[in-house]
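Enquirer: Mind having a look at this structure? Questions to follow.
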Amino acid sequence: MTYIAKPRLHHPTLTKNKVGHTRRDYEGRISTLCAGCGHDSISAAIVQACWELDIEPHRVAKMSGIGCSSKTPDYFLGASHGFNTVHGRMPSVLTGANLANRSLLYLGVSGDGDSASIGLGQFAHAMRRGVRMAYIVENNGVYGLTKGQFSATADQGSKSKKGVVNNDAAVDLVGMALQLGATYVARSFSGDKEQLVPLIKGAMSHGGAAFIDVISPCVTFNNHGGSTKSYDYVRQHNEAVSRIDFISPGSEITASYAPGELVEVAQHDGSILRLRKLNDGYDPTDRHAALEHTHRHAAQGEVVTGLLYIDPLATDLHCAMNTAAAPLASLGPETLCPGGKTLEKINAALR
Ligand SMILES: Cc1ncc(C[n+]2csc(CCOP(=O)(O)OP(=O)(O)O)c2C)c(N)n1
Ligand code: SF4
Ligand SMILES: [Mg+2]
């Protein structure tokens with residue numbers, strides 16, 4: 001209920017992280033979503049990930065579009081920057097903000113309608129440009145907010161609550177992200193916090209465009225038999241490629257897995273993603289193999305989850321454009337406007 005404010009008082013013994021915050025400091029307002037909605041579990045995973053990463057909340061900019069999923073940034077990181085954009089336009093607003101100030105951590109939260117229908121072009125260009133961000137799609141296969149129409153990620157042959165069959169082919173956002181050049185691509189399930197939290201931590205520490213497709217059941221409109229985005233379906237068909245562990249810079253690396261079963265991937269910031277292979281020979285640094293693997297299993301009705309692809313040496317849009325390291329707002333007028341003579345020179349060079 002929106003009118004019930006969350007109490008600000010904390011119990012004095014709540015555990016604090018390295019920057020002096022309790023988990024509660026990463027929460028937002030009380031959720032107004034339906035009880036049991038997968039999106040609320042994703043919000044809880046984001047809270048957990050940011051708390052464990054010792055992120056100062058004011059260093060995060062959370063952006064979204066329109067939909068139940070896009071409402072969720074109100075329910076986490078209440079002390080962060082936020083921008084609720086027009087339907088499907090989150091990626092371009094995030095890109096602009098990122099270009100103006102690269103010192104923030106960008107978290108884009110969207111829905112399957114928001115990113116795979118009206119915002120598909122925006123999604124594609126943010127991925128191919130390598131905008132540094134953690135982009136999460138809370139994928140329920142329907143337009144939850146507008147009462148349950150099929151979205152573009154609904155699987156062909158799956159059924160609506162009233163039994164209508166979806167005849168259209170599904171847009172595969174994971175496949176698109178892989179093809180378009182995203183450098184961190186994962187899929188998870190809102191009901192699997194153990195897998196989702198380290199995936200979010202890895203995405204937020206990544207040096208380029210990170211995308212996570214999270215299957216997030218809509219309990220009101222798409223949680224019946226015949227749906228391929230229901231709790232029961234995903235639990236029965238979940239096929240994980242790896243078990244993931246996130247180790248932040250400076251943490252002790254313990255060897256809890258038997259040698260030979262582990263892949264360790266170091267990221268730019270010194271964090272390490274430790275992947276315990278569940279599938280023999282699965283290589284998370286092979287983009288083509290990731291595409292082939294996910295498509296082959298999808299054809300068998302399986303939902304492949306885990307960290308599907310990572311480029312540990314990823315760079316981002318700022319690197320490609322050779323932009324200033326400092327936020328634009330911190331640059332003085334002499335730097336931002338170098339004067340008439342410089343402009344004349346530029347114009348002359350273009351004639
Ligand atoms: C320009 C525009 N077109 C259509 C709508 C109506 N609309 C609001 S939310 C939505 C779909 C949301 O679906 P999704 O992104 O999957 O979010 P969910 O509610 O399922 O989490 C639509 C079509 C709108 N708000 N603005
Ligand atoms: S309508 Fe569906 S997506 Fe929206 S809050 Fe309810 S369960 Fe969640
Ligand atoms: Mg949806």
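Enquirer: Just checking: which of the strands (runs of 3 or more DSSP E) contained wholly in segment 69-154 hold 2 or more residues that are within 14 Å of the chain's Cα centre (by Cα) and within 14 Å of ligand 2 (Cβ to nearest atom)? Working first, answer last.
Expert: Values: elements: 81-84, 105-111, 133-139.
Per the criteria, 105-111, 133-139.
Enquirer: Could you list all residues from segment 196-226 that are β-branched (Val, Ile, Thr) and under 9 Å from the mean Cα position of the chain (by Cα)? It would help to see each step written out before you state the result.
Expert: Taking segment 196-226 and keeping what is β-branched (Val, Ile, Thr), we get 197, 200, 212, 214-215, 219-220.
Answer for segment 196-226, where residues must be β-branched (Val, Ile, Thr) and under 9 Å from the mean Cα position of the chain (by Cα): Ile200, Ile212, Val214.
Enquirer: Only residues that are surrounded by 10 or more Cβ atoms within 10 Å (Cβ to Cβ) and either among the charged types (D, E, K, R) or touching a residue at least 24 places away in the same chain (Cβ under 8 Å) (or both): list them for segment 327-351, please.
Expert: Of everything in segment 327-351, those that are surrounded by 10 or more Cβ atoms within 10 Å (Cβ to Cβ) and either among the charged types (D, E, K, R) or touching a residue at least 24 places away in the same chain (Cβ under 8 Å) (or both) turn out to be Pro327, Leu328, Glu344, Lys345.
Enquirer: Answer with yes or no whether Ile247 is over 18 Å from the mean Cα position of the chain (by Cα), buried (at least 16 other Cβ atoms within 10 Å of the Cβ) and of a type outside the set (Lys, Arg).
Expert: Details: over 18 Å from the mean Cα position of the chain (by Cα): yes; buried (at least 16 other Cβ atoms within 10 Å of the Cβ): yes; of a type outside the set (Lys, Arg): yes.
When the stated conditions are applied, Ile247 passes them.
Enquirer: Here's something else I'd like to know. How about segment 308-323: which of its residues are under 22 Å from Ala266 (Cβ atoms), over 18 Å from the mean Cα position of the chain (by Cα) and surrounded by 13 or more Cβ atoms within 10 Å (Cβ to Cβ)?
Expert: Those that are under 22 Å from Ala266 (Cβ atoms), over 18 Å from the mean Cα position of the chain (by Cα) and surrounded by 13 or more Cβ atoms within 10 Å (Cβ to Cβ): His318, Cys319.
Enquirer: Kindly evaluate Val174 against the criterion of being under 12 Å from the mean Cα position of the chain (by Cα), assigned to a strand (DSSP E or B) and crowded, with 22+ Cβ neighbours inside 10 Å. Write out each step before concluding.
Expert: Working: under 12 Å from the mean Cα position of the chain (by Cα): yes; assigned to a strand (DSSP E or B): no; crowded, with 22+ Cβ neighbours inside 10 Å: yes.
Considered against the rule, which asks whether it is under 12 Å from the mean Cα position of the chain (by Cα), assigned to a strand (DSSP E or B) and crowded, with 22+ Cβ neighbours inside 10 Å, Val174 comes out as no.
Enquirer: Inspect all residues belonging to segment 238-249 and state whether any of them is in a loop (DSSP other than H, G, I, E, B) and modelled with pLDDT under 90. Before the answer, list the steps.
Expert: Taking segment 238-249 first, the residues in a loop (DSSP other than H, G, I, E, B) are 241, 248-249.
Now drop any that are not modelled with pLDDT under 90, which leaves 248-249.
Yes, the conditions are met somewhere in segment 238-249.
Enquirer: Return the residue satisfying two criteria in turn: it lies in segment 70-100 and is of a type in the set (A, V, I, L, M) and either without any contact (Cβ under 8 Å) to a residue 60 or more places away in the chain or at positive phi (or both), and of such residues it is nearest to ligand 3 (Cβ to nearest atom).
Expert: So the first thing to find is which residues in segment 70-100 are of a type in the set (A, V, I, L, M), and the list is 77, 79, 86, 90, 93-94, 97, 99-100.
Those left that are additionally either without any contact (Cβ under 8 Å) to a residue 60 or more places away in the chain or at positive phi (or both): 77, 79, 86, 90, 93-94, 97.
Details: Leu77: 21, Ala79: 27, Val86: 17, Met90: 14, Val93: 20, Leu94: 19, Ala97: 24 Å.
Here the residue is Met90.
Enquirer: Also, I was wondering about something else. Given the conditions (1) more than 15 Å from ligand 1 (Cβ to nearest atom); (2) buried (at least 18 other Cβ atoms within 10 Å of the Cβ), and given that Ala169 satisfies all but one, which numbered condition is not satisfied?
Expert: Condition not satisfied by Ala169: (2).
Table: residues versus (1) more than 11 Å from ligand 3 (Cβ to nearest atom); (2) touching a strand residue (DSSP E or B) at 6+ places or on another chain (Cβ under 9 Å); (3) closer than 24 Å to Val47 by Cα.
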{"site": "Val137", "(1), (2), (3)": "no, yes, yes"}
{"site": "Gly144", "(1), (2), (3)": "no, yes, yes"}
{"site": "Gln149", "(1), (2), (3)": "no, yes, no"}
{"site": "Lys159", "(1), (2), (3)": "yes, yes, no"}
{"site": "Val171", "(1), (2), (3)": "yes, no, no"}
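Enquirer: Restricting attention to segment 48-68, which residues are within 16 Å of ligand 1 (Cβ to nearest atom) and either among the aliphatic types (A, V, I, L, M) or outside any helix (DSSP H, G or I) (or both)? Before you say what the answer is, go through the steps one by one.
Expert: Restricting attention to segment 48-68, the residues satisfying the condition of being within 16 Å of ligand 1 (Cβ to nearest atom) are 62-68.
Hits for segment 48-68 are Lys62, Met63, Ser64, Gly65, Ile66, Gly67.
Enquirer: Of these, Ile46, Ile118, Ile66, Ile55, which one is under 18 Å from Asp213 (Cβ atoms) and surrounded by 20 or more Cβ atoms within 10 Å (Cβ to Cβ)?
Expert: On the way: Ile118 fails: surrounded by 20 or more Cβ atoms within 10 Å (Cβ to Cβ); Ile66 fails: under 18 Å from Asp213 (Cβ atoms); Ile55 fails: under 18 Å from Asp213 (Cβ atoms).
Going through Ile46, Ile118, Ile66, Ile55 in turn, just one is under 18 Å from Asp213 (Cβ atoms) and surrounded by 20 or more Cβ atoms within 10 Å (Cβ to Cβ): Ile46.
Enquirer: Here are some residues: Val131, Val109. Which one is closer than 24 Å to Ser271 by Cα and within 12 Å of ligand 1 (Cβ to nearest atom)? So that I can check it myself, show each step before the final result.
Expert: Values: Val131 fails: within 12 Å of ligand 1 (Cβ to nearest atom).
After applying the criteria, what remains is Val109.
Enquirer: With respect to Thr305, determine if the residue is out of contact with any Gly (no Cβ under 7 Å at 6 or more places or on another chain), assigned to a loop (DSSP other than H, G, I, E, B) and surrounded by 11 or more Cβ atoms within 10 Å (Cβ to Cβ).
Expert: Spelling it out, it is not the case that Thr305 is out of contact with any Gly (no Cβ under 7 Å at 6 or more places or on another chain), assigned to a loop (DSSP other than H, G, I, E, B) and surrounded by 11 or more Cβ atoms within 10 Å (Cβ to Cβ).
The values are calculated or read from the model by the stated rules, or taken from the named source; none is laboratory data. Keep in mind that this is a model prediction, so the values were computed, not measured. Here Cβ is always computed from backbone atoms with ideal geometry, including for glycine, and neighbour counts include all displayed protein chains.
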